[in-house]
1. Using a 10 Å cut-off on Cβ atoms, rank the peptides 182-195, 451-464 from the highest mean neighbour count down.
2. Name the shape class, rounded, prolate or oblate, that the alpha-carbon gyration tensor gives for the range 125-223, where a ≥ b ≥ c are the square roots of its eigenvalues, rounded holds for a/c under 1.5, and otherwise prolate holds if a/b is larger than b/c and oblate otherwise.
3. Compute the length gained on full extension between residue 438 and residue 710: take 0.36 nm times their separation in residues and subtract their Cα-Cα distance, giving the result in nm to one decimal.
4. What FRET efficiency would be calculated for the residue pair residue 413, residue 318, taking the C-beta separation as r and a Förster radius of 35 Å, to the nearest 0.05?
5. Probe radius 1.4 Å, ligands and nucleic acids left out: which of 739, 296, 290 has the largest accessible area, and how do the rest follow?
6. Just tell me which aspartates and glutamates come within less than 20 Å, Cα to Cα, of residue 603; anything on the same chain fewer than 8 places away is out.
7. 7 Å from Cα along Cα→Cβ at both residue 370 and residue 203: what's the point-to-point distance in nm?
8. Ignoring any ligand, DNA or RNA, what whole percent of the accessible area of the range 491-588 comes from carbon and sulfur when the probe is 1.4 angstrom?
Amino acid sequence: MYHVVGTGLVAIFLYLISYFFYRIGFFSLQFHRKIWNSLLGTAFLLTALAGIFMALQINFKWDIPFIKTILKWHVEFGIGLAFAGMFHLIWHLSYFSNIFKSQDSSPEISSLQKLTPEAAGINLFIVGFVSSSIQLLLIREMMNISGGYELIAGIFLGSWLITSALGASIAGKSRLNDIKRINIIFSVSPLISLFLLLLLSKLFLNSGETPSVLVSIIFTFLILIPFCMVSGFTFVKLISIARQNNDFVPGKSFSIETTGGITSGILISLLTSGLLNTYQILLLISLLSTAYTILTFFITNSKSKSTVKIVVTVLASCIIILNPDVFFRQILLKGIKVTYSKDTPYGNITQGKYHNEKSLYYNQRLLSYNDDVIEREENIHYAMLQREFSEKVILVSGSLHSNLPEILKYPVKKIIYIERDPELAKSGILPGNVFPAECIISNNDAFRYIRNSKETFDVIILLIPPPSTLLLNRYYTTDFFYEARKRLNNGGVFVCSPGPGDDYFNKESINMYSSIFNSLAAIFKNVEPVVGNKLYFIASDSSLSLSFCQMTKTKNITNSYVNSDYLADDLIAKKSEEVKALLNREAKQNRAAFPVACFHFQKYNFSKNMDEKIPSIILIIIAFALPVMTIKRRNLVMYFSASALAGYEIIMLLIIQLIMGNMYQITGLLIAGLMAGLAVGAGAEIKLLNSFSTGIKGICLMLFYIGIGLSFNNILELKNEVSAVGLIILSSFLPALLTGNLFRELTINIKGSASSEIYSADLAGSAFGFIFISGIIIPSFGIKVTIMLLSTLIFAGFLFGTIKNKK
């Protein structure tokens, strides 16, 4: 399928954004032309090369394996080239009529304006608050849309920073200094990014679809370009304006902006705890930012200000009462009639209808529907049939409404249903549900609940999704299986489903399943794979039987699918032996400290679109690694220090998942703690730190990262959640303090555009750190070693940024 309309609309819309930036003075007409001439040239080159390859195959019958991919990109780039080319031509028809005339078409630009210290400080605070708020809200939404795994988080944060660095770089050369115009553009830009998110999702993604890595990269970049470029541009311009006041050094400006970010981190954490939904908060923040700009820069009359305040209050009330999230979810889940949407600290719950069939979506993925008979019977009976009597059962996640009736076909006396998200647990209980057995719903983290429980059970059924993220991976580790076995009675049964029950298993899926199987086999005496709608691993210290048809008949269990009418015991056993023959018994076990299954799953995702693997890698290198070539040598200390801090930040987010079982709830607080360290380090006059040389600060950072790496296992073993979170936030504050102080030291005596260069180096380094650490180092070396390797980034910065300067 070729996206003729979609690709054309996106090309035109991006062209309009670029042209708009030129018209307001964000950058020059020459720069606008360079952008589109470069894009048109690249599209033409790729289209032409693809055409040549196709011609060679047709004329000379060459066997080119990737011809289908070439054909796809030939058409897609051709569509983009055609639409952008036509639009570019229309806008520049005057060039041909005025070819012999001399004129300057650049808009008139005002001189650099002045603000009082108080006004400049408030403006910087607002910019920091809005930027961080939009970041937290968009990353939550992008994680939902794109699958939520760590590489996507790194791509988002890296894209955010690299596009902000581009905006900061443009600001150093731009002649746009009208603070009114800059602020109103900044206030509107989140809505442009929101529009792009909805447009691209509707045009290119299907309901519940997880986009490939390449699509996610392009998707993220396109969405973030409008807001992030404007955000970086606005901050650098405000630094220049604030520096007109003698008491405003760049470090202080950075500190004030970061304080706004701290405030937003705390506030967003509170609002997303169930008070408001994502799109409600995003619209409210954009509205209040616009109101601040209008009231501060455009209206001076007190009556007019009162009118604006009333209008803003009414609009804000409508956003809160009407809940626009249902409208936005309807756009994202096309084909589904959305009836309800609720954001919780753990994700998004959406209810809808498809041809009058009720369905429940969690984080954009279908969770349950009415006629899920095959899945629910396999989920329950493969494990429950193994025991003669099962009185106490633990059910971890899954739909309670679907699975509970299957469990109650057995003489069960007690059921513990563990679901971290209280709202999701409630959605599984329908009016009129009757529970004959004692059914207890626990909203604790399943890992911690099972580890801390003193009670023993007969069966533990784990219905967690496959290990696509570190959060989910922890339930498929040797560590978790060990705790689960301790909670089982003699002969107790454990079952999990780490992936789909495919007819063919490729290398990447075999590696993932092997690591999980070996982890189970290290704890339980007997482990049997069962291929059904999903691939199930059944484990027990007692013997296991795969004669499900015979057991259902013997135990008089009435099923619709798991019975002899649809299944055959000999075929089930044969398929199980085939799977065991494929598994690699030498594969590494999956552990919390070295989550190999999670990264095998990401490779498995790559394998679904092998033709996109090389383009994805090339695009990541171009976007996140090559910018280091543009960084001046004197700014490499800032670049690599920021890279290390960004890598440390994403590692701390991962550790929170390992400890808490959730990232969203604490993300705002963690980022607030990190930004607090940056704010204090960059803005405060700390005599102790100022007495240290740059080299001593670098050594302190290196020793800190090594020390945290050595204590990694001790942090994971902390049983008190409050203590663990407090320690993580404190440990994020300290390296941020030193990194912020480095920024202050490097910018305190500079003049001209050098501050934008250092700020750009800071952002570009952070972008590189997010991708490099989450996508390469952690999968290769594990979390513990990765933390210690952060010290090598600091060393590289001082090696290439200071020693080389002395030559």
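1. 182-195, 451-464
2. Prolate, because a/c is 1.5 or more and a/b exceeds b/c.
3. Using 0.36 nm per residue and subtracting the Cα-Cα distance, I get 93.4 nm.
4. 0.10
5. 296, 290, 739
6. Within reach: 150, 209, 502, 503, 508, 586, 611, 612.
7. According to this spin-label approximation, the distance is 3.7 nm.
8. Details: 2060 of 4530 Å².
C and S atoms contribute 45 percent here.
The values are calculated or read from the model by the stated rules, or taken from the named source; none is laboratory data. Please read all numbers here as calculations on a predicted model, not as lab measurements. Ideal geometry is used to build each Cβ from the backbone, glycine not excepted, and the neighbour counts take in all protein chains shown. Just so you know, the surface numbers come from the protein's heavy atoms only, side chains and all, with ligands and any DNA or RNA stripped out. Shrake-Rupley method; radii C 1.70, N 1.55, O 1.52, S 1.80 Å.
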